[in-house]
Amino acid sequence: MSRYDYYQPESLEEAFRLKKTIPDSVYISGGTELMVRINKKELHPRALISLRSIPDLCGVENGKKIRIGAMTSISDIKKNSLLYEKYPVLFQAAKELGGVQIRNVATIGGNLCNGSPAADLAPPLLALEAKVRLQSDQKSRELPLENFFLGPGETSLSPGEILTDILLEPPEKNTKTIFLKKGRTRMDLAVASVAVLIRTEGDRCLSARVAVGSAAPTPLRLFEVEALLEGATYSRELLTEAQQQASHSVSPITDVRSTADFRCHLVGVLVKRALEKLMDNEIGGGTRT
Amino acid sequence: MKKTITFTLNGTQIDVTADSHQSLLDLLRVSLRLTGTKEGCGEGECGACTVLVDGLAINACLYPAYEAAGKNVITIEGLTGKNNELSDIQQAFVDSGAIQCGFCTPGMILSAKALLDTHPDPSEEDIREALSGNLCRCTGYVQIIEAVKKAANRSKDKP
Amino acid sequence: MRDFFHIGKATPRPDGPDKAAGKAHYIHDYERPGMLYGKIKFSDHSHARIKHIDTSRAEKLPGVKAVITANNTPEIRFGFLRDNMALKKDKVRQYRDEVAAVAAIDPDIAAEAIDLIQVEYEPLPGVFTPHEAMKEGAPLIHESDPRGRPRSHNILPLKYHHESGDLDEGKRTAKHIVEGEFSTPLVQQCCMGTAGCIAEFDMNNNLTLWAKTQIPFLAQRDFNRVLSDMGLKEKNTRIIVPALGGAFGSGLDTHAYEYIAILLAFQTGHPIKIVYNRREEFANLSPRQSSRTRIIQGCDQNGKLTFRQVDVLQDNGAYTSWGATYPSVMLMPATSLYRVPHITFDAKLVYTNNTYCQAMRGYGNPELTWALESNMAELAERAGIDPFEFRMLNRNEPGEITPMGLKISTCGLKECLEAVSEKLDWKRGTKKGKNSGVGMASLIHVGGGGRIYRSDASGIILKLDDFGNVNVFYGGVEMGQGLHAVLIQSVAEALGVMPDKVFINPTDTGTCPWDVGTHASRGAFMAGNAAILAAEKLRSKIFELAEELFPAEVEKNLKKHQKKNPDYEPPDLDIANAAKRNRFDLQEGYIFIKDAPPEPWLRMDLGRLLRAAHFRPQGQMLTAEAFYDPPNESPDNEKGFGNLSATYAFGTQGAEVEVDIETGDVKILRMVAAHDVGKTLNPPGLKGQIYGALAQGVGYALYEELKSDKGKIQNPDFRDYKIPRTNEMDFPIELAFIETDDSFGPFGAKGVAEPGLVPTAPAIANAIYNAVGIRIRDLPITPEKVLAALKNKKMA
C-alpha cells in the first residue's frame, strides 16, 4: 500500500486551501479509478483530498438549467426521476457503467475528470451539449464539455480547480436520445460507445448531435455526421451514409482491448443502430438485423 | 496520519484507529481482524470485498477507511445471528448448492442482501444485474441465482 | 439401479455453513505467531544476464528481516525436468523470473523493500514463438541441461508419439479428407483466492507448510528433497491444506514462491507468509498451456473415419511444468474419441522466453478436442453427412478397447449425442434462423483416476469413536468441487451410518494416508472407492464385536421393554445363535440381525456397541484403513499406449448461438450438456461442477486470453482478462446426466470434474459455423475474428 494522508474538507474553500498548501495532493471523488491507479503504483500522491463531504457538490436541481452536482453517484444518476424524465440517455449510460458496487461510489464528476476517452457519461453529455462549471479559489468558469477534454487522461482543469457542476439546458421538444455501448463482455470499458440526439419533425431530422467514446484521444463529437443528418429525410441510404461517415470520422487506437480497424467499424455500426432505434417508427417496420 | 474513526459495524458502534491510507477492506481484515470479507483483486473488479455501507453494496478495497466514519457498515459477520444461526440468504446459499470454494460467497451474499433489502421480489434479470459485480470462477452462477430466488421466496412466506 | 440411503441425495456440504458465514479460513486469513511477510522481486526482462543484484538498501530498511537471492541461498532446482530454480542466478529466462525475495514485519515494508532492490541486467535477444526458437542460431533458453551437459537447441527432450494401424492405408481408403490448423491461447485459472503459503520450521528443523496445493504428498516429497539440498538431511515436511479459493489445476505443481518461503523461513527462524495479489497472480503464476494443433482426418464414402493424423506444437515457455505433459492427456482424445483405425500422434515442445505453463482443468483435452471436434464438423460437411449422424456413426461403444489401449467399460456417448440432438431439435436443421444455428461436440475423459504417476492410489482411515462418529482421514483435497460431501455420503452409505455422524479431518500429510493428488477428476472416484473398501473392513470388525456383545446388550433392551410392556410376548428367537457376524447389518447407525423380526429392542445403536467394546477389560476401539489403487496403467508416452484410467467419462455438449454479423458478437442463446456420469452422487454438487466448468468453457471459447508481448503479460487484471459474469451466463443450460452405472466406480460413479469444459468451445464454434458459415480455428472467438472471417467469406 502506498502511504498518503487523507483529508475530508467540508467546503470548497477548505478543499482549495488544502490543495494549495499540501504538495503532491490529489482530489478524490468516488475513488474507483484513482484508488486503482494508486494500488497499481501509477500514482504516488502524498495526500488525498476527499470531495465527499462538500455539500455544494451534491444534488440534482431543476431550474432554468438542470444542475447535476459533480459528486452525484452514478447510482443516483440512474435512480433520479428528474434526469430519467428529461435526459433518459443519462440513465442508459449510467446503467452501463461498471457494476452495482462501482456505481454506488463512482461519480459523474470523477467520470469526466479522469479524462478517459472511454468515460461512459461523456458521449451522452456531449450529445446533450452539457457545460461544466470549474471552480478554483480565484474564480468560477463554465466550459462547454467538448472543450473540457484535451487528450487521453488530460482535461482543462487547472491545478487546484474542481469540477463542481454539470449544467444542462432543458431538453427541446421532439428530441430523442440513445446511448449504445459495446464491450468485450457486458461489464467492460467501452470498446466503442455512441450517444445520439436527434430533433425530428415527421421523418425529417432537424438537427443531430452525435458523440462517441473510445474512438479517439478524447470523447468526441462527430460534426461531420451531424452535418449529414441536419435537415435530412430518413432513409436507409442516409443511415448507411451516416455509418460510413462515422467510421471515417474517428481515430481510435489498437490496444489490449481491441484494434483500431474494429473500433472504426464498430462506431459506424453503433451510429447506424442508434439512428435506427431512434427512428424505428419513421422508417416503417423493424430495422433491426 | 492516524485518526480514530467512529462508525456502526454490524449494528454496534465502534471506535477504531485507522491509518489515512487504509482502505475499508484493510481496516476490516487487518485492524479489526474480520477476515470474512475477502480480497480478490484489490481493483474493484471481482466484488469479493463487497460490504454494505448505508445499505449500498461497495467494494471495500477501493473505499477509503476514513469515509466509513459515521456510516452504517455491514459485513458478512453481521449476517450470522445469535447462536450461530444463518440468515435466510446464507441458508439459501447453503441449500442451493451455490457454494463451492466459497471465496466469492461473502461478497455474493452481501450483494444479494443489498438487492433483497430494496427489492424483496426481484426478477431474474434484477438478480443478475445486482450480482454482476461479483465474480465466481467455480459455480457458473446458476445455483447462486437460484439461491437468491429461494431467499426472496422464503422472506415472502414469512409473516 | 440400486437403492441408496445417501448416494444420489443432496447431502449438504459440511463446509457450506462456514463458507456462508465467512468463517472458512483460506491461506489469506491464516496467521502464525511471529509470522513475517515475504515478497518476491520479479524480473523485468524476458531474457537477460543478471549482472548484479544490489540488496543493500533493502536490507537497511527498518522492519526487513531477510533479503535473499541465488547468491546467498543454496540452489534449489525444481520441476520434473529440474530446469527451474527457486531464485535465478546467472540469467532470467522469462519476464516473471524470481530474482530476489524479502521477509519483513508487514506486507507494506516488504513491498517497499522489493522496490529498493536494484538489479542490473544485460538484455539478451529473446524468442517468443516456437518457430523463432527453433530457427538456426536462435538464442538458447537453457545453455545446458540440469546435469550441466550443453544444449544445442530449444526443443525439449520429451517424446510423445502414437502410431496405430497404417496411416497411408487410412489415407488411401479415405474418400474425403479435411486438414486444419488450430490454436488455443494462454488462459488463466483465475481462482478467486490467489496463490499463497505459510512456511514454518520447528526447532528440530522439520518444516510445516500451509499450502494452496492439490498434491500435498507429492509436495511433501518435493520439499523433503529441498530440505536435503539445504543440508537438512532426514528432515520432514508436513503439508496442511487450508480452504482453497479454487485451484483448477494451479495446485498440481510446486512453485518458486513456496521454495522461497521455505528459504526465508529457515533463514529468519520465523514463519513466512507469501501471498500473491491479483496482479502477481496473473503475471507470475503459470497459466494453462497454449497449443497449436494440425489435424487431418479422413472418412470413407459412408462416413466412417479411416484415419486421423495429429501434430501438436507447444510453446513450453522458459521452464518445464505440467504444461509439457498435456500431450500425454491429448493422446486420449486423439486416439480414442470416436473409432479410428489408423492414427498417428506427435507432439513437440519448445523452450521460449514466454511464461511457462502448468495444469488447468482438462489438461490438454480441451486443447485437442477443440481441434478434433471442429475438424470432425468440417469433415462431416465435406462428406455431405449430418454432423450428428457422422458422430453417431463413429461413436465409441461400451466394451471396446481403443487404439491407445483404453478399456472402455461403460460408455454413454450414444445417449449423450442423442440427448443433445433431441434437445437442440437437431433433426429440424442446424441453421435455426437468419444468423443463428446449433452445433455440438463430444468428449472422452478419464473417469476412473489417471495413472500419470507411478501410483494412482488413495489411502483412507476411518476411526470410530465412542459415540458412533466416524472420523475420516483422507488425503484428497477439497477445493470447492464438493469432495467432502461426496466422501461423507460414501462413508455413510458404505458403512451404514448417518451423514451427520461422519467428520472429515483436515488434509494433512502428518495424519492422512498417502494420496497422489486431486487431479484428473479422480477425487470422488477415489474417495468413494477407498471409503467402500475401508467401510467393508470396519463393518467386519463391528460385526465381529457384535457377535460377542450384541446378545447381552439386547437382553438388557428386552428387559427394559418388558418392564414397560408387561404383556409383551417376545418372538421365538434364539438370539445368541442368530447373532453371528455374517448375519448382522448396520444401517443408519443401527446394528440389527438381518431377517430377524423388526422389534425396536432387537437393534442397537452403533455407539452403544462401541462403548461396550471400549469400556471393559481388554477393551478395544475400531479403526480401519484401506489403500485403493485403481486398475489402470501408466501409459508409455513414446508408444502412446496404456489404459490410463479405470473407466472413461463421455459427454456431448450443444450450443445454440446467434451471430451479430455487423458487430461480430456471438450471443449464446442456450446450451445443452449431456454427460455420462456413471451415477449421480450428489445432484447439486454435480450440477455445480458442470455449470462451473461450462462457464469456464464459454470464457475459453469467446474471450479468455492472456496477451503476452515479448514475454510480458499485457492484461494482468480482471479489467482486461475477461471471465464470465452473471450477465454472460444468462442463457438457459439444460443438463442431462446419463447414468451408465460403471462397475469400477464407487456406487457406479465416474469422475466428472473436468469434462464440463472439454467440448464447449468446439460446440460453440460448430454452432457459429452452422449459423453464418464461418470457421474460426484460433481461440478465443472474438468479434474481431468473426468480422474478419465474415468479410473474407463475402469476398470469396
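Please specify each residue of the stretch C:392-417 satisfying the condition of being without any contact (Cβ under 8 Å) to a residue 40 or more places away in the chain and part of a helix (DSSP H, G or I).
Once the filter is applied, which keeps residues that are without any contact (Cβ under 8 Å) to a residue 40 or more places away in the chain and part of a helix (DSSP H, G or I), the stretch C:392-417 yields C:M392, C:K414.
Name the residue, out of C:L545, C:L462, that is crowded, with 24+ Cβ neighbours inside 10 Å, touching a helix residue (DSSP H, G or I) at 6+ places or on another chain (Cβ under 8 Å) and at pLDDT 95 or above.
C:L462
Check A:E172 against each of (1) within 14 Å of chain C (Cβ to nearest Cβ); (2) assigned to a loop (DSSP other than H, G, I, E, B) and name the one condition it does not meet.
Only one criterion in (1) within 14 Å of chain C (Cβ to nearest Cβ); (2) assigned to a loop (DSSP other than H, G, I, E, B) is unmet by A:E172, namely (1).
Identify the residue in the stretch C:723-736 that is within 14 Å of chain B (Cβ to nearest Cβ) and hydrophobic (A, V, I, L, M, F, W, C) and, among all such residues, is nearest to the chain's Cα centre (by Cα).
Here the residue is C:I723.
Any chance the stretch A:236-248 includes a residue that's over 30 Å from C:R719 (Cα atoms), modelled with pLDDT under 95 and assigned to a loop (DSSP other than H, G, I, E, B)?
Within the stretch A:236-248 (the criterion being over 30 Å from C:R719 (Cα atoms), modelled with pLDDT under 95 and assigned to a loop (DSSP other than H, G, I, E, B)), the answer is no, since none of the residues qualifies.
Are any of the residues in the stretch C:492-502 assigned to a loop (DSSP other than H, G, I, E, B) and of a type outside the set (V, I, T)?
yes
Go through the stretch A:192-217 residue by residue and tally those that are part of a strand (DSSP E or B), charged (D, E, K, R) and touching a residue at least 60 places away in the same chain (Cβ under 8 Å). So that I can check it myself, show each step before the final result.
If we filter the stretch A:192-217 for residues that are part of a strand (DSSP E or B), which is where we start, we get A:192-201, A:204-213.
Cutting the leftovers down to charged (D, E, K, R) gives us A:199, A:201, A:204, A:209.
Among the residues that remain, those that are also touching a residue at least 60 places away in the same chain (Cβ under 8 Å) are: A:209.
Within the stretch A:192-217, residues that are part of a strand (DSSP E or B), charged (D, E, K, R) and touching a residue at least 60 places away in the same chain (Cβ under 8 Å) number 1.
List every residue pair whose Cβ atoms sit under 8 Å apart, with the two residues 6 or more apart in sequence or on different chains, where the first one lies in the stretch C:476-489 and is charged (D, E, K, R) and the second, anywhere, is at pLDDT 95 or above and in a loop (DSSP other than H, G, I, E, B).
From residues that are charged (D, E, K, R), the pairs are C:E478/C:D15; C:E478/C:L244.
Give me the residue from the stretch A:108-142 that is more than 11 Å from the chain's Cα centre (by Cα) and among the polar types (S, T, N, Q) and, out of that set, nearest to the other protein chains (Cβ to nearest Cβ).
Here the residue is A:Q135.
Could you run through the stretch C:558-583 and say how many residues are in contact with a Pro (Cβ under 8 Å, 6 or more places away or on another chain) and in contact (Cβ under 8 Å) with a residue 12 or more places away in the chain?
Residues in the stretch C:558-583 being in contact with a Pro (Cβ under 8 Å, 6 or more places away or on another chain) and in contact (Cβ under 8 Å) with a residue 12 or more places away in the chain: 7 in total.
Have a look at C:A261, C:A219 and point out the one that is more than 24 Å from the chain's Cα centre (by Cα), part of a helix (DSSP H, G or I) and among the hydrophobic types (A, V, I, L, M, F, W, C).
Exactly one residue qualifies, and that residue is C:A261.
Could you list all residues from the stretch C:682-722 that are outside any loop (DSSP other than H, G, I, E, B), at the interface with chain B (Cβ under 9 Å from one of its Cβ atoms) and among the aromatic types (F, W, Y)?
C:Y691
If I filter the stretch C:231-244 down to residues being within 25 Å of the chain's Cα centre (by Cα) and in a loop (DSSP other than H, G, I, E, B), which single residue comes out as surrounded by the most Cβ atoms within 10 Å (Cβ to Cβ)?
Taking the candidates together, the pick is C:L244.
Contact list please: Cβ distance under 9 Å, first residue in the stretch A:1-20 and away from every other protein chain (no Cβ under 14 Å), second residue among the acidic types (D, E) and in a helix (DSSP H, G or I), pairs at least six apart or on different chains.
From residues that are away from every other protein chain (no Cβ under 14 Å), the pairs are A:S11/A:D56; A:L12/A:D56.
Taking B:R33 as meeting all but one of (1) without any contact (Cβ under 8 Å) to a residue 60 or more places away in the chain; (2) facing another protein chain (nearest Cβ under 7 Å), write down the number of the exception.
(2)
Of all residues in the stretch C:225-253 being among the small types (G, A, S) and out of contact with any Gly (no Cβ under 6 Å at 6 or more places or on another chain), which is farthest from C:F473 (Cα to Cα)?
Looking at residues that are among the small types (G, A, S) and out of contact with any Gly (no Cβ under 6 Å at 6 or more places or on another chain), I get C:G231.
Pull out all pairs, ordered by first then second residue, where Cβ-Cβ is under 8 Å, the residues are six or more apart or on different chains, the first lies in the stretch C:84-112 and is within 14 Å of chain A (Cβ to nearest Cβ), and the second is of a type in the set (K, R) and surrounded by fewer than 20 Cβ atoms within 10 Å (Cβ to Cβ).
C:D108/A:R3
Say we look at the stretch B:87-120 and pick out the residues that are part of a helix (DSSP H, G or I) and facing chain C (nearest Cβ under 8 Å); which of these is surrounded by the most Cβ atoms within 10 Å (Cβ to Cβ)?
That would be B:T105.
Pick from the stretch C:12-42 the residues that are at the interface with chain B (Cβ under 7 Å from one of its Cβ atoms) and in contact with a Leu (Cβ under 9 Å, 6 or more places away or on another chain): which of them is surrounded by the fewest Cβ atoms within 10 Å (Cβ to Cβ)?
C:P17
Considering only residues that are under 11 Å from C:G459 (Cα atoms) and within 20 Å of the chain's Cα centre (by Cα), which ones fall in the stretch C:624-638?
C:Y628, C:D629
So, in the stretch C:469-507, of the ones that are small (G, A, S) and within 14 Å of chain B (Cβ to nearest Cβ), which residue ends up farthest from C:P216 (Cα to Cα)?
Our first condition is that a residue be small (G, A, S); within the stretch C:469-507, this holds for C:475-476, C:480, C:482, C:485, C:490, C:492, C:494, C:496.
Of the ones still in play, those that are also within 14 Å of chain B (Cβ to nearest Cβ) are C:480, C:482, C:485.
On the way: C:G480: 16, C:G482: 18, C:A485: 20 Å.
So, considering only residues that are small (G, A, S) and within 14 Å of chain B (Cβ to nearest Cβ), the one farthest from C:P216 (Cα to Cα) is C:A485.
Within the stretch B:36-86, can you find the residues that are under 20 Å from B:T105 (Cβ atoms), among the aliphatic types (A, V, I, L, M), more than 8 Å from every other protein chain (Cβ to nearest Cβ) and part of a helix (DSSP H, G or I)?
Of everything in the stretch B:36-86, just one residue is under 20 Å from B:T105 (Cβ atoms), among the aliphatic types (A, V, I, L, M), more than 8 Å from every other protein chain (Cβ to nearest Cβ) and part of a helix (DSSP H, G or I), namely B:A60.
Condition test on A:I54, is it at pLDDT 95 or above, surrounded by 21 or more Cβ atoms within 10 Å (Cβ to Cβ) and within 14 Å of chain B (Cβ to nearest Cβ)? Reasoning before the result, please.
On the way: at pLDDT 95 or above: yes; surrounded by 21 or more Cβ atoms within 10 Å (Cβ to Cβ): yes; within 14 Å of chain B (Cβ to nearest Cβ): yes.
Judged against the criteria, A:I54 is a match.
Just to be sure, is C:I68 at pLDDT 95 or above, away from every other protein chain (no Cβ under 14 Å) and surrounded by 19 or more Cβ atoms within 10 Å (Cβ to Cβ)?
Spelling it out, C:I68 is indeed at pLDDT 95 or above, away from every other protein chain (no Cβ under 14 Å) and surrounded by 19 or more Cβ atoms within 10 Å (Cβ to Cβ).
Looking at the stretch A:249-262, which of its residues are assigned to a helix (DSSP H, G or I) and touching a helix residue (DSSP H, G or I) at 6+ places or on another chain (Cβ under 9 Å)? Spell out the reasoning first.
The first filter runs over the stretch A:249-262 and keeps only residues assigned to a helix (DSSP H, G or I), leaving A:249, A:260-262.
Answer for the stretch A:249-262, where residues must be assigned to a helix (DSSP H, G or I) and touching a helix residue (DSSP H, G or I) at 6+ places or on another chain (Cβ under 9 Å): A:S249, A:D261, A:F262.
Which of (1) in a strand (DSSP E or B); (2) in contact with a Pro (Cβ under 9 Å, 6 or more places away or on another chain) is the odd one out, the single condition A:L143 does not satisfy?
Result: A:L143 passes all but (2).
Take the stretch B:10-33 and flag every residue that is within 14 Å of B:L52 (Cα to Cα) and touching a Ser or Thr at 6+ places or on another chain (Cβ under 7 Å).
B:N10, B:L25, B:L28
Against the condition more than 30 Å from C:R279 (Cβ to Cβ), more than 14 Å from chain B (Cβ to nearest Cβ) and surrounded by fewer than 19 Cβ atoms within 10 Å (Cβ to Cβ), how does C:S228 come out, does it pass?
Spelling it out, C:S228 is indeed more than 30 Å from C:R279 (Cβ to Cβ), more than 14 Å from chain B (Cβ to nearest Cβ) and surrounded by fewer than 19 Cβ atoms within 10 Å (Cβ to Cβ).
Kindly provide the set of residues from the stretch C:345-391 that are assigned to a helix (DSSP H, G or I), among the small types (G, A, S) and either over 25 Å from C:L424 (Cβ atoms) or within 26 Å of the chain's Cα centre (by Cα) (or both), ordered by number.
Result: C:A371, C:S374.
The values are calculated or read from the model by the stated rules, or taken from the named source; none is laboratory data. Small disclaimer: the values here were computed from a predicted structure and weren't measured. Every residue, glycine among them, receives a Cβ derived from its backbone with ideal geometry; neighbour counts consider all protein chains shown.
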